[in-house]
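S.K.: Could you have a look at this structure, given as C-alpha cells, before my questions?
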Amino acid sequence: MCRNYLFSFNKMQYFTQKESITGCILCHISKHDHKCEELVLWENEYFIISLNLYPYNPGHLIIFPKRHIEDFRKFSETEIMQINRITKACLNLLDETYHPAGYNIGYNMGLCAGASIEHIHQHIVPRYKNEIGIEEIIGGSRILVESPRESHKRLLDTISEKHIFT
Ligand SMILES: [Zn+2]
C-alpha cells in the first residue's frame with residue numbers, strides 16, 4: 001500500500017552532521033569523517049554508494065566519485081565504465097530489496113540545476129506504483145515510514161558480492 005512509501009518534508013535531517021563541518025560533505029564522507037553520519041553502503045577505490053542525504057523515496061541512493069569533481073565531463077574513461085557497472089548493480093540490489101515499479105536516474109549539475117552539493121553525484125530514485133501525491137503529504141499528518149538509516153540497514157542486509165561488479 002502507498003502507506004509504505006510516504007515521507008515528510010520535515011524529516012529531512014537524517015543524513016545529519018554530528019558537528020558542523022566546513023567544505024564539501026561528500027569529500028568528508030569519502031574520508032569517513034566521524035563528523036558525518038555513515039550511510040555508505042559500499043565503496044571501492046573510485047566510488048562510494050550511499051543512501052541519499054535527503055531521500056525522495058525509500059532506497060534513494062547516490063553514487064559519487066571519491067575525488068572531488070563537479071562536472072560529468074571530468075570523469076575518466078575508467079570512472080565512466082565503473083559508474084555504469086555500479087549503477088546496474090544498484091538497480092539489481094534495489095529490485096531485490098524494494099521491488100520498485102521504476103526508477104529515475106540522473107545528475108543535477110550546477111546549483112541552478114538543483115544540485116545542492118557541487119561534488120558530482122548520480123541519483124537513483126526508486127519509484128513506486130502507489131506513491132502518494134504531494135498534496136496529500138502536505139495536507140496530511142502522515143510521516144516517513146522508512147528513514148535512510150533503516151534503508152541503509154535493509155540494503156546492507158541484502159547486498160552481496162553478486163550485486164557489485166568492479
Ligand atoms: Zn567534494
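Derivation of every value follows stated rules applied to the coordinates shown; laboratory data play no part. Worth saying up front: this structure is predicted, and the values here are computed from it rather than measured. Quick reminder, even Gly has a Cβ in these numbers, built from the backbone with ideal geometry, and neighbours come from all protein chains shown.
S.K.: Considering all projection directions equally, how large on average is the shadow of the alpha-carbon convex hull of segment 36-122, in square nanometres? Intermediate results must be reported in sequence, preceding the final value.
M.R.: Working: hull surface 23.6 nm².
Result: a mean projected hull area of 5.9 nm².
S.K.: Any idea what the alpha-carbon Rg over 2.2 N^0.38 Å comes to for segment 23-66? Walk me through the intermediate numbers first.
M.R.: On the way: Rg = 10.1 Å, N = 44, 2.2 N^0.38 = 9.3 Å.
In units of the 2.2 N^0.38 Å rule of thumb, it is 1.08.
S.K.: Check each of the chymotrypsin sites (Phe, Trp or Tyr not before Pro) in segment 92-131 and keep only those in coil by DSSP with at most 15 other C-beta atoms within 10 angstrom; list them in order.
M.R.: Values: sites: Tyr98, Tyr103, Tyr107, Tyr128; in loops: Tyr128.
Answer in residue order: no site qualifies.
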